[in-house]
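Enquirer: Could you have a look at this structure, given as structure tokens, before my questions?
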Amino acid sequence: MKERKKQKTIALPSGDLIPALELGMWYLGEDAGAYFKETDLIRQALEIGYRAFDTAEMYGRGGAEEVLGEALSDCREEVFLTSKVSPIFSSYEEIIEACDKSLERLKTDYLDMYLLHWGTYRSRPEEVLEAFIDLKEDGKILDFGVSHFDLADFKEWLSLENAEETAMNQAYFNPCHRQMEKELLPFCQKQKIPLIAYAPQDVCAVAYQNKVVCRIAENHKTTPRQIVLAWLLAKENVGVLVKALTPEELEDCFASQFILLESEEIDALNATFPLY
């Protein structure tokens, strides 16, 4: 594989560093006829330098995990692998079984991170957490966290016994949806829990044509998409979960982590996409 620049990292509560830029799989595994094309795309991502991948059993009804598992079968130890348990499962037994099935589809003995997908755990949150703790003790997962939890949900989750081991939260966060900066992001930073911005490219239709974004992109001799991602990555302990469907998009997203925005440029972007 190619030698690349040192990638940007973020810190887990344990102090372990992980890649700040992850490639998401939520668009894979839907079409059996695209299996080989999709595995090739992931292998191209590896060649480019991606070392963190995020999937879920919900994606393609397990199909995305199967695609990813095949593509990573020769280099599992080189990557940080995250999957998410479906929100329809909330009992201890269901979560243990779901994790075992994800491991089988992913062709691995363990996950680096296992997340509760959406905050629909309310009926039996203690069982969910108990399952996570036992999976961690058994070595099937190295860390656990949550996805799509707002501040109220996250505080409720963290109030549970042993929830202090929670190591990640994912949230909808991009320049046009900055509400997380009001409370959730500062809270996560105080708790030393990384916040992963999913759908960071899902910005308002005019964002990539915005004059300020385009001017900054021109100054850096890069693309508006890279500027949007670099703006997020400039924040303390924030990672991004990107979507890429072509080799060109893979390269474009990957390069964003090496862009260093000036404070004046960040101020200009903040003013262009104000926090309401």
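What follows is calculated from the coordinates using simple rules that are stated; it is not laboratory data. Bear in mind that the values here come from a model prediction, so they are computed numbers and not experimental data. For neighbour counting, all protein chains shown are included, and Cβ atoms are generated from backbone atoms with ideal geometry for every residue, glycine included.
Enquirer: Only bridges whose two residues both fall in the stretch 38-183 count here: according to DSSP, what percent of them are antiparallel, nearest 5?
Expert: The antiparallel fraction comes to roughly 5 percent.
Enquirer: Given (1) 56, 50, 29; (2) 57, 44, 38; (3) 53, 42, 32, which label gives Cα extents along the principal axes in Å as computed from the coordinates?
Expert: (3)
Enquirer: Here is a follow-up. How much length is gained on full extension from ASN162 to LYS192, taking 0.36 nm per residue of separation minus their Cα-Cα distance?
Expert: Difference between extended and current length: 9.2 nm.
Enquirer: Anyone know which of SER256, SER86, SER73 comes out most mobile in the 10 Å Cα GNM of the chain?
Expert: So, out of SER256, SER86, SER73, the one fluctuating most is SER73.
Enquirer: Which residue, chosen from CYS176, GLN191, ASN210, occupies the Cα position most advanced towards the positive end of the dipole of the stretch 175-221, where the dipole is computed from +1 (Lys, Arg) and -1 (Asp, Glu) charges on Cβ about the Cα centre?
Expert: Highest projection toward the positive end goes to GLN191.
Enquirer: Taking the alpha carbon gyration tensor of the stretch 156-276, what are the square roots of 5 times its eigenvalues, largest first, to the nearest whole Å?
Expert: For the stretch 156-276, the ellipsoid semi-axes come out as 27, 16, 12 Å.
Enquirer: Over the stretch 1-75, what is the relative contact order in whole percent, taking alpha-carbon pairs under 8 Å and six or more residues apart?
Expert: 35
Enquirer: Report the charge-dipole magnitude of the chain in Debye, nearest 20, computed about the Cα centre from +1 at each Lys and Arg Cβ and -1 at each Asp and Glu Cβ.
Expert: Once rounded to the nearest 20, the dipole reads 1100 debye.
Enquirer: Then there is this: Restricting to bridges with both residues inside the chain, how much of the DSSP beta-bridge set is antiparallel, in percent to the nearest 5?
Expert: 10
Enquirer: Defining a contact as two alpha carbons under 8 Å apart and six or more residues distant in sequence, what relative contact order in percent does the stretch 215-276 show?
Expert: 36
Enquirer: Treating the beta-carbon of each Lys and Arg as +1 and of each Asp and Glu as -1, no other charges, what is the dipole magnitude of the stretch 141-276 about its Cα centre, to the nearest 20 debye?
Expert: Charge dipole of the stretch 141-276: 340 debye, to the nearest 20.
Enquirer: Find how much the distance from ASP100 to GLU249 grows on full extension, using 0.36 nm per residue of separation minus their present alpha carbon separation; answer in nm with one decimal.
Expert: On the way: separation 149, 0.36 × 149 = 53.64 nm, distance 3.25 nm.
That pair, ASP100 and GLU249, stretches by 50.4 nm at full extension.
Enquirer: Here's a follow-up. Given labels modelled 7 Å from the Cα in the Cβ direction, how far is it in nm from CYS214 to ARG61?
Expert: 4.4
Enquirer: Still on this model: Suppose every K and R has +1 on its Cβ and every D and E has -1 on its Cβ; what is the size of the dipole of the stretch 25-152 about the Cα centre, in Debye to the nearest 20?
Expert: Approximately 300 debye in magnitude.
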